[in-house]
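S.K.: Sharing a structure below in structure tokens format, with a few things to ask.
Where a number appears in this text, it was derived from the coordinates with a stated rule and is not lab data. Computed from a predicted model, the values in this text were never measured in an experiment. Here the Cβ positions follow ideal geometry from the backbone for every residue, glycine too, while neighbour counts run over all protein chains shown.
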Amino acid sequence: MSTKVLEYLDPEYHVQITVGRATVRSGMARTRLAREQTVLMRLEEIKNTEEDIGTLDDRAIRIFTYPACLGSLVKIENVVDSETGKPEKEVPAEPTLEELYDLPDAMVFQWEEMVYELNPHWAPRMPPMVTKDGKEEEEPEGKDEEPDSTGSSSTPS
């Protein structure tokens with residue numbers, strides 16, 4: 001199995017998170033976790049409304065991030081500090097949803113990015129933007145432009 005290791009280090013954490021390329025077993029684990037979270041959200045009667053941004057964020061974490069990170073997880077190793085003989089803060093071997101919420105955003109972002117690098121078919125796909133009249137929005141102008149070192153844009157040749 002193809003794997004990647006994220007070594008995350010900040011003032012509180014030093015951890016190595018190993019994720020793997022999806023197998024049928026890990027794919028089913030991811031699907032089961034997403035389904036469990038969907039059922040839990042329905043039981044909790046979480047509303048999906050524009051006014052409740054926290055709910056939309058919660059849904060994305062529960063349905064995409066958490067199942068992808070846990071479904072691809074091979075192992076988590078908390079690196080021991082050479083002076084104290086123990087890790088600063090530990091990341092659980094299989095974090096619960098609540099434990100994942102308490103981890104640093106940068107760590108989870110890098111973890112999820114690595115998951116999608118190994119398993120691009122797991123990445124959420126956003127539907128195309130639609131205008132008020134029901135037509136698909138055009139790509140914004142300048143999308144293919146790359147900023148140069150001064151911050152101005154130029155079109156690649």
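S.K.: Compute the distance in nm between two label points, each set 7 Å from the Cα along the Cα-to-Cβ direction, one at residue 39 and one at residue 9.
M.R.: 4.3
S.K.: Starting from the Cα-Cα distance between residue 132 and residue 2, subtract it from 0.36 nm times their residue separation and give me the gain in nm to one decimal.
M.R.: Separation in residues times 0.36 nm, less the Cα-Cα distance, equals 42.4 nm.
S.K.: May I ask you to derive the FRET efficiency for residue 86 and residue 28 from their Cβ-Cβ distance with R0 = 41 Å, giving the value to the nearest 0.05?
M.R.: Rounded to the nearest 0.05, the efficiency is 0.70.
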